[in-house]
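Every read-out reported here was derived from the displayed coordinates using simple, explicitly stated rules and does not represent laboratory data. Given the structure is predicted, the values throughout are model-derived calculations rather than measurements. As a convention, Cβ positions derive from the backbone with ideal geometry for all residues, glycine included, and neighbour counts pool all protein chains shown.
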Amino acid sequence: MIEPETKPAPKIAYVFPGQGSQIVGMGHELYQSSREAKQVFEEADQALQYPLSRLCFEGSEEELRETINAQPAILTVSIACLAAASEINGTIKPAIVAGHSLGEYTAMVAANVLEFADAVRLVRERGRLMQEAAKARPGGMAAIIGLDEATVEEISIETGAQIANINCSGQVVVSGPKVAVAHSIDLAQSRGAVGAVLLEVSTAFHSVLMEPTVEGMARAISQLDFRPPEVPIVANSTAKPVTTIEEVKEEILQQLCHCVQWQPSVEYMVQAGVSTFIEIGPGVVLSKLIKRISRQVQVLNMGDLESIKATCQIL
């Protein structure tokens with residue numbers, strides 16, 4: 001008797017969003033409807049000794065946008081989404097995980113590298129250090145649309161800016177001193193950019209202006225217990241997997257001042273056999289980028305109760 005062919009299970013990657021995905025009200029429905037998600041919010045409040053959940057649910061947009069608040073808030077909502085999904089559909093173990101900038105810390109929690117309480121305290125400290133660095137050396141960021149990476153790199157060399165994010169083909173973000181970023185916008189427009197837009201941030205993330213944060217972050221991570229990743233984490237700074245405690249700690253410090261290699265990271269995961277990407281957390285920024293990077297993969301998201309239920313039904 002010939003056995004019927006069984007379709008192999010899809011190779012799944014979890015991906016987690018970074019700063020900029022925050023929105024007032026995020027996670028409130030999950031808090032009300034999921035016991036596991038509610039516990040995540042309560043644990044965050046307790047770990048920080050601060051009502052982070054209230055800020056997520058009803059805080060002012062301006063306060064939530066502050067780096068010191070946005071980073072732990074997005075991490076918490078992302079982990080609450082993951083907790084709610086596991087309550088509905090059990091734990092689906094991904095083959096690999098990744099996160100965009102701040103999202104890399106969420107990936108560490110998902111890969112059981114850090115306890116959630118430690119991670120939420122760590123990213124709040126990261127946000128505090130970044131805000132302090134921005135006060136001392138103000139900077140900015142700009143999205144350059146429609147130019148290739150090589151051209152944007154040439155512009156950055158001329159202006160003194162840095163490439164901060166390689167998001168997808170034709171979408172590169174530069175970062176650095178305000179004058180350098182403004183000059184980069186002018187040069188990009190003169191060289192045929194479809195768009196060159198100043199981002200609404202006062203911080204030059206992923207540039208040398210973040211160097212003052214490295215010492216503080218090194219001190220913070222030295223006080224935490226890390227475990228080897230249960231699944232590989234694709235690192236922002238190299239677009240390669242990290243699999244040891246030492247590599248994770250090095251990546252935490254490297255990504256502060258170096259470019260987020262998001263497009264190469266997604267391409268690595270696709271080449272490694274990932275056929276389904278699940279964005280977990282507020283917004284769908286990464287889902288849109290992944291669809292532009294590869295048309296061959298399935299892209300799902302779990303950012304609220306409705307999308308979590310829909311994705312769990314598919315899986």
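Counting only helical runs of four or more DSSP H residues, what would the 222 nm mean residue ellipticity of the chain come to if each run contributes -39,500 (n - 2.57) and the total is spread over all its residues?
-15500 deg cm²/dmol
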Shape call for the stretch 227-315, from the Cα gyration tensor axes a ≥ b ≥ c (a/c under 1.5 means rounded, otherwise prolate when a/b beats b/c, else oblate), comes out prolate
Per the Kirkwood formula over distinct C-alpha pairs, the hydrodynamic radius of the stretch 139-198 in angstrom is 10.5
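How high is the FRET efficiency from GLU250 to ALA150, r the C-beta distance, R0 22 Å, rounded to 0.05?
The formula returns an efficiency of 0.20 here.
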Checked against the structure, the computed semi-axes √(5λ) of the Cα gyration tensor in Å among [x] 30, 25, 18; [y] 41, 22, 18; [z] 39, 27, 16 is the one labelled [x]
The extension gain from GLN39 to GLU230, computed as 0.36 nm times the residue separation minus the Cα-Cα distance, is 66.5 nm
Contour minus Cα-Cα span, LYS288 to GLN49, at 0.36 nm per residue, comes to 82.5 nm
Count of lysine pairs, the chain, Cα-Cα under 29 Å, sep. 8 or more residues or interchain, comes to 27
Mean Cβ-within-10 Å packing, highest first, puts peptides 239-247, 160-168 in the order 160-168, 239-247
